[in-house]
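Scroll down for the structure; my scribbles are underneath it.
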Amino acid sequence: MSFDIYVQGFAGGEASSLDAEPLGELLRAHTVLDGAEVLRLAFDDGEAEIYGADEPETGFMVSHASGRRVWDFLAEVAVRCAATVLLPDGPAMVGSPSGSLAGCLRNSQATPWS
């Protein structure tokens, strides 16, 4: 069973596009299967599927994520693309336009990542 992870850009409280150049570089480095709307990414300890791959700079969903390296990949996307990584009922990982992780935002409920 898998949960869905969303990656989205935000500006001024509204959804915005991600920087396509570094995002493309990061995706190409791990893509092993390129479908019309789905990419399969491989890491040395697992894999993940990317939905919305036809226009990932508008935001995308990650599913079937396994291993630890996928989390490193998501952190790098957050930093290099100033993206927000949204977990179901969990903290949001926020990338900063300055190229760092601005922090993790948590909701008021306890989560598996608490």
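Of note:
- Taken together, Ala29, Ala83, Ala20 contain a single residue that is surrounded by fewer than 17 Cβ atoms within 10 Å (Cβ to Cβ) and in contact with a helix residue (DSSP H, G or I) (Cβ under 6 Å, 6 or more places away or on another chain), which is Ala20.
- Residue within region 44-55 that is at pLDDT 90 or above, under 15 Å from the mean Cα position of the chain (by Cα), over 21 Å from Asp19 (Cα atoms) and not hydrophobic (A, V, I, L, M, F, W, C) present: yes
- Considering residues of region 80-100 that are at pLDDT 90 or above and either among the β-branched types (Val, Ile, Thr) or outside any strand (DSSP E or B) (or both) only, the residue farthest from Asp4 (Cα to Cα): Arg80
- Within region 62-72, if we keep just the residues that are part of a helix (DSSP H, G or I) and in contact with a strand residue (DSSP E or B) (Cβ under 7 Å, 6 or more places away or on another chain), the residue that is surrounded by the most Cβ atoms within 10 Å (Cβ to Cβ) turns out to be Val70.
The values are calculated or read from the model by the stated rules, or taken from the named source; none is laboratory data. What you are looking at is a predicted structure, and each value in this text was computed from that prediction instead of being measured. All Cβ positions, even for glycine, are placed from backbone atoms using ideal geometry, and neighbour counts span all protein chains on display.
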